[in-house]
């Protein structure tokens with residue numbers, strides 16, 4: 001049995017969000033294939049050469065670099081599959097998009113539908129693809145992988161999809177890497193992790209930080225790459241004169257990110273909309289208590305293990321930051337709850353759900 005995979009989301013050096021999810025899923029499928037006694041092969045389709053940290057090519061696991069990279073999903077991939085590709089039982093896309101004009105059983109991944117709720121927050125070219133290409137792919141796919149029950153319900157609501165067609169596979173956290181320091185010395189900073197874009201509500205976080213009574217004792221660390229429509233974030237920092245209090249490390253290495261989690265007083269994720277919110281479980285694994293928005297998927301993921309606040313209520317957000325920063329007993333209690341919560345999020349389980357879905361759909 002041959003299964004094809006569009007793994008471009010995993011073949012990115014600086015992985016965030018869907019890139020990290022796709023990378024871990026690809027690694028997990030590779031591991032499960034090695035353990036399987038069944039004859040299952042995988043052809044992995046990419047726009048560029050596979051990065052060194054992707055699973056190594058071997059018998060039954062082959063990388064194919066297709067050109068040109070421009071309009072790859074709409075041109076290069078379907079052309080190859082229709083003319084040169086080996087006969088396969090299933091095609092799996094780690095993104096929202098399937099190649100058109102290809103008659104294959106297929107499975108896609110849909111992380112969230114933020115583009116339908118906040119279209120003004122996306123570039124027009126990206127918005128077009130997300131709206132129209134996703135709609136076509138959802139209709140065509142036999143199964144849809146998503147990352148939370150919240151996202152599953154969104155897909156059902158907006159695309160009128162049969163619930164049985166949607167499989168929830170939570171992201172995981174690598175407990176060998178993401179763990180607390182043996183000697184825990186918290187530093188004087190609040191942490192945000194995520195792409196700089198409007199739906200993340202970073203301007204709301206900055207405003208809440210500016211209202212703290214003891215702001216002189218704290219710093220705000222905003223870790224993430226510039227996404228889009230992010231100028232308001234930097235403008236607000238300058239407007240409030242907080243250039244020395246708010247730090248933007250931009251993209252950091254994984255080891256540096258883990259260190260930030262371990263040492264922060266808390267993580268704050270005040271997003272208006274999240275399909276899951278991976279920083280939440282990474283923080284919990286590192287012994288970092290969490291403040292998250294009471295919106296979208298975050299209550300589902302955080303559960304009773306963090307503080308949930310209305311992302312539109314700046315005073316409530318500021319009070320939550322003060323409580324978690326200055327009440328050590330309260331903070332330690334949340335840390336303990338976080339350690340219990342993250343047991344539900346394992347990459348091995350994620351990969352097993354997806355691998356089983358692929359095999360069963362291909363049969």
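The values are calculated or read from the model by the stated rules, or taken from the named source; none is laboratory data. Quantities reported herein were computed from a predicted structural model and do not represent experimental measurements. All Cβ positions, even for glycine, are placed from backbone atoms using ideal geometry, and neighbour counts span all protein chains on display.
Summary of computed values
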read-out: Members of segment 137-170 that are within 13 Å of residue 108 (Cβ to Cβ) and loosely packed, with under 13 Cβ neighbours inside 10 Å; value: 139
read-out: Scope segment 224-248; condition assigned to a strand (DSSP E or B) and touching a helix residue (DSSP H, G or I) at 6+ places or on another chain (Cβ under 6 Å); matching residues; value: 246
read-out: Residue identified as part of a strand (DSSP E or B), modelled with pLDDT of 95 or more and closer than 21 Å to residue 17 by Cβ among 283, 292; value: 292
read-out: Residue pairs meeting the criteria (Cβ under 6 Å; at least 6 apart or on separate chains; first more than 18 Å from residue 110 (Cα to Cα), in segment 1-18; second part of a loop (DSSP other than H, G, I, E, B) and at pLDDT below 95); value: 2/86; 14/251
read-out: Check on residue 305, at positive phi, in a loop (DSSP other than H, G, I, E, B), touching a helix residue (DSSP H, G or I) at 6+ places or on another chain (Cβ under 8 Å) and touching a residue at least 24 places away in the same chain (Cβ under 8 Å); value: no
read-out: Residue that is surrounded by the most Cβ atoms within 10 Å (Cβ to Cβ), among those in segment 321-338 that are within 25 Å of the chain's Cα centre (by Cα) and free of Cβ contacts under 8 Å to residues at least 40 places away in the same chain; value: 337
read-out: Qualifying residue in segment 267-275 (condition: farther than 18 Å from residue 198 by Cα, out of contact with any strand residue (DSSP E or B) (no Cβ under 6 Å at 6 or more places or on another chain) and either free of Cβ contacts under 8 Å to residues at least 60 places away in the same chain or not in a helix (DSSP H, G or I) (or both)); value: no
read-out: Selection within segment 28-48 - at pLDDT below 95 and in contact with a helix residue (DSSP H, G or I) (Cβ under 9 Å, 6 or more places away or on another chain); value: 36, 38
read-out: Subset of segment 73-92 (residues that are part of a loop (DSSP other than H, G, I, E, B), in contact with a helix residue (DSSP H, G or I) (Cβ under 7 Å, 6 or more places away or on another chain) and surrounded by 19 or more Cβ atoms within 10 Å (Cβ to Cβ)); value: none
read-out: Those residues of segment 189-216 which are within 20 Å of residue 240 (Cα to Cα) and assigned to a loop (DSSP other than H, G, I, E, B), in sequence order; value: 197, 201, 211, 212, 213, 214
read-out: Members of segment 93-114 found to be modelled with pLDDT of 95 or more, outside any loop (DSSP other than H, G, I, E, B) and surrounded by fewer than 23 Cβ atoms within 10 Å (Cβ to Cβ), listed by number; value: 106
read-out: Condition met for residue 310 (surrounded by fewer than 16 Cβ atoms within 10 Å (Cβ to Cβ), in contact with a strand residue (DSSP E or B) (Cβ under 9 Å, 6 or more places away or on another chain) and at pLDDT 95 or above); value: yes
